[in-house]
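To keep things clear, I will list the structure first and then write my remarks on it.
Just so it is clear, none of the values below were taken in a lab; they were calculated from the coordinates. Because the structure is a prediction, the values reported are computed rather than measured. Here Cβ is always computed from backbone atoms with ideal geometry, including for glycine, and neighbour counts include all displayed protein chains.
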Amino acid sequence: MRIVAYYRSSTDLQEHSVDMQRTMAFKMAQQKLLVIDDQYPDPSTSARKNNMRDRPELWRLISDIKKGRVQNLLVYKRDRLARTANEYMYIYRLLKEHQVNVIFTADNEHPLSYTAVGEFFEVLMAGVIQREGEQIAKRIRDSKISKFLNKQYAGKVPFGYHVDKKGKERIAKTPGDIEIAREIYDLVLSEKFETLNEIKKYFDSIGRSRTVVKKGKVIKARSWEVQDLEHILTHPLYMGKHIISFEGAGEFEAPYENVAIVSLDEWEKVQQLLPSMITTRAKNESPSIDYHLTGLLFCETCGQSLSTKTRTRDGVKVGMYECTDSSHRCRVRKDHIEHLVLQRAKVLFSTFVKANMDDLLKRYEKSNTERLESKMDELSKEIVRLKSSMVKRTDQYLRELDTTKKESLSNKLMTIYDETDAVQQDYDAFVDILEEVKTLVESPKQLSDDIDAFLDTLPARTADELRTLFRDIVSRIDVGSRCIDITFKHPYVTSKEVVTDVAT
C-alpha cells in the first residue's frame, strides 16, 4: 500500500507554505499509523498561472497514479492540486479511475468521495476553487496597484535604475549605467546614426559593454544588442513616468520626475526619430511565416502529411502546404486553407448551437437547479441551527460567573462562529453557482453573436493560440488535386470544398 504526499505553495511567503503542509502530512500519517513513501513538493508554483505540465512534481504524481503506483495520497486541501475547474476535475477523475484514497490534512476540508453525489459535489467545488483563485489573484493585483501608485512597489525597472527598498522614491539611478542610458539618447538626438544597429556597432568599436544585474549584483558584462537600445529609448521612466500593466486592470502610471534623465521635448523628439531607425533595419529581414495547420493536412493520393514550403507569388513570399511527391499535384496556400477552415467552422458551430443547445441547456438548468436548491436548503437549515446554538451559548456565557467556565464557553462560541462562517461561505458559493446555471440558457444566442467578433480577433492572436484553435476543431484535412475534405472534431462532420481558388 504505497502512500505519498503532495505539497504546493504559490510563493515562499504564503501562509500555507510547503513546510507547513509537510508538517501537517506527517502529523496525519502519524495519527493514522501510515508511512509516507514518497513526496511531491511544488514550492513557489502558482496553479493559476501554470498548467499541470508546468508543475513538475504534480506531473510526476499524475504519471505515477496512471502507472498504479499510488494507493493513498495526503494533500492539505483541494486547491493545492489545482486552481482551475477543468484541471481539478481531470485530477479528480484520474484519482477516481485508479481508486486512490485521498486524505486531506486540513481540519475543515470535506472528505473526497467517488459516489455519484460525491462527483457532483466535486464539480461544484471545482467552480468554487477556481473563483477563489481568481479572487486571490485579484486581491494581490489590487494590492500591487495600490502600492505602485503610492511608490511602495516598482516592479521591474529598466537599465540604469535599481529598486531602493529603503528609499522614499523606491527607484534610484545606478551610477555608471545611467550615464550610458543618457549617452544613448544623445546619440539618437545627434541624428548622426541612421539605424540603431549603427549605434550598436559604434558601442562595439569603443568597447562599451552592457552590465547584467541580478538581485542588485553585476553578474556579467556583454555586448549591446539592438533590442537593448530600443527598450531604453521607448521606456517612459527615462522621462519621469513609470508605467506598469496589471493583468485584467490595464496600465497604471506613477510619476518619478526625480529620476528622469531626458526632458519631455527630448523624449518626444526621440519617439519621432525612432520608427525610421527601426524600419530601416527591418527592411532587410524576411518576415517569418507561421504554419498553423501543420500535421493536420494529408495528401489524398498517398495519405502522407503535407510539408510546408515558402514560395514567391508576384514578388511576395507566401506559405504553401505541399505533398513531397510533386506528381500527386497536391498543394494548397496556407492563408487560403486557414481562412476556409475558419469560415466552415463558423457555419458548422452556429448551426449546432442554434439547433441543439437550447434543449440541452434547459435540461441541464432544470436538473442542476433542483439539486442546488436542495443543497442550499440543507445549508440554510444548518445556518439556522448554528445561529440558534450561538444564541444559547451566548446566554450561558452572560449568566456564567465562573472564570474558567466562561473561558470554555468563549472557546465554544468561537468554534460555532467559525462553523457558521464556513457554512455561510458554502451557501454563498452555491448561490453564485445557481445564478450561473440559470443564465446558461442564454449562451447559444450569445455564442452565435460572438462568433463573428471572435473571428475578427484572430489576426491579433499569437501563433500558438491559432495552432491550438485548429487542433481543437479539426480532426484532419485531406487535400486532392480537385477538392478538399475537412473533417471537424465537434462532432465528426466533413466539409468538401472545390480547390479552384485555394491552391493558387
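Measuring from label point to label point, each 7 Å out along Cα→Cβ, what is the THR294 to PHE26 span in nm?
4.8
Given charges of +1 on the Cβ of Lys and Arg and -1 on the Cβ of Asp and Glu, with all other atoms neutral, how large is the dipole of region 360-445 about its Cα centre, in debye to the nearest 20? Before the final figure, lay out each step's value.
Details: 16 positive and 19 negative charges, 58 e Å.
Approximately 280 debye in magnitude.
So which aspartates and glutamates can LYS173 reach, going by Cα to Cα under 13 Å and dropping same-chain residues fewer than 8 places off?
ASP164, GLU257
Nearest 20 debye, what's the magnitude of the dipole of region 1-141 about its Cα centre given +1 on Lys and Arg Cβ and -1 on Asp and Glu Cβ?
Details: 23 positive and 18 negative charges, 52 e Å.
Here region 1-141 has a charge dipole of around 240 debye.
Round to the nearest 0.05 the FRET efficiency obtained for SER305 and ARG482 when R0 = 25 Å and r is the Cβ-Cβ distance.
Numbers: r = 20 Å, r/R0 = 0.80.
The calculated FRET efficiency here is 0.80.
Can you pick out the pairs among LYS32/LYS67; LYS77/LYS144; LYS77/LYS381; LYS375/LYS489; LYS168/LYS201 whose Cα atoms lie more than 29 Å from each other? Write out the running numbers ahead of the final one.
Values: LYS32/LYS67 25 Å; LYS77/LYS144 27 Å; LYS77/LYS381 26 Å; LYS375/LYS489 36 Å; LYS168/LYS201 39 Å.
Long pairs (Cα-Cα over 29 Å): LYS375/LYS489; LYS168/LYS201.
Tell me, HIS231, HIS242 in order of fewest to most beta-carbon neighbours within 10 Å?
Values: HIS231 12, HIS242 22.
Ranking HIS231, HIS242 by Cβ neighbours within 10 Å, fewest first, gives HIS231, HIS242.
Set the Förster radius R0 to 41 Å, insert the Cβ-Cβ distance between ASP19 and SER209 as r into 1/(1 + (r/R0)^6), and round the FRET efficiency to 0.05. Could the numbers behind the result be given before it?
Numbers: r = 42 Å, r/R0 = 1.02.
After rounding, the FRET efficiency stands at 0.45.
Let me make sure I get this right: for region 31-93, a, b and c are the square roots of the gyration tensor eigenvalues over alpha carbons, sorted descending. Under 1.5 in a/c it's rounded, otherwise prolate if a/b > b/c, else oblate. Which is it?
Values: a/c = 1.68, a/b = 1.53, b/c = 1.09.
Verdict is prolate for region 31-93.
Could you give the length gained on full extension between SER276 and GLU225, defined as 0.36 nm per residue of separation minus the Cα-Cα distance, in nm? It would help to have the intermediate numbers written out before the result.
Numbers: separation 51, 0.36 × 51 = 18.36 nm, distance 1.76 nm.
This chain segment gains 16.6 nm when fully extended.
Could you put SER276, SER46, SER305, SER10 in order, starting from the residue whose Cβ has the fewest other Cβ atoms within 10 Å? Working shown, then result.
Numbers: SER276 11, SER46 18, SER305 14, SER10 22.
Least to most surrounded, the residues fall as SER276, SER305, SER46, SER10.
Would you list SER44, SER288 from fewest to most Cβ contacts within 10 Å? Walk me through the intermediate numbers first.
On the way: SER44 13, SER288 9.
In order of increasing Cβ crowding within 10 Å: SER288, SER44.
Any idea which of GLY176, ALA154, LEU189 is furthest toward the positive side of the dipole for region 154-233, if Lys and Arg beta-carbons carry +1 and Asp and Glu beta-carbons -1?
ALA154
Under 14 Å between alpha carbons, and skipping anything fewer than 8 positions from LYS405 in its own chain: which aspartates and glutamates qualify?
Result set, ordered by chain and number: ASP395.
So what does the Cα-only Debye profile of region 3-146 read at q = 0.21 Å⁻¹, as log10 I(q)/I(0), no solvent term?
Results for region 3-146 at q = 0.21 Å⁻¹ read -1.48.
How large is ³J(HN,Hα), in whole Hz, for each residue of region 238-253 in order, when computed from phi with the Karplus curve 6.51 cos²θ - 1.76 cosθ + 1.60 and θ = phi - 60°, using x for Gly and Pro?
5, 10, x, 10, 9, 10, 10, 9, 9, 3, x, 10, x, 8, 10, 10
Determine the relative contact order of region 161-282: mean sequence separation of Cα pairs under 8 Å and six or more apart, normalised by residue count, in whole percent. Write down the numbers at each step before the final one.
Details: 133 pairs, mean separation 29.3, N = 122.
For region 161-282, the relative contact order is 24 percent.
Over the Cα atoms of region 360-445, Rg to Rh with Kirkwood Rh, two decimal places?
Values: Rg = 19.3 Å, Rh = 15.2 Å.
Rg/Rh: 1.27.
Would you mind getting me the FRET efficiency between TYR427 and ARG363? Use the beta-carbon distance for r and R0 = 22 Å, nearest 0.05. Display every interim value, and only then the final one.
Values: r = 25 Å, r/R0 = 1.16.
The computed FRET efficiency comes out at 0.30.
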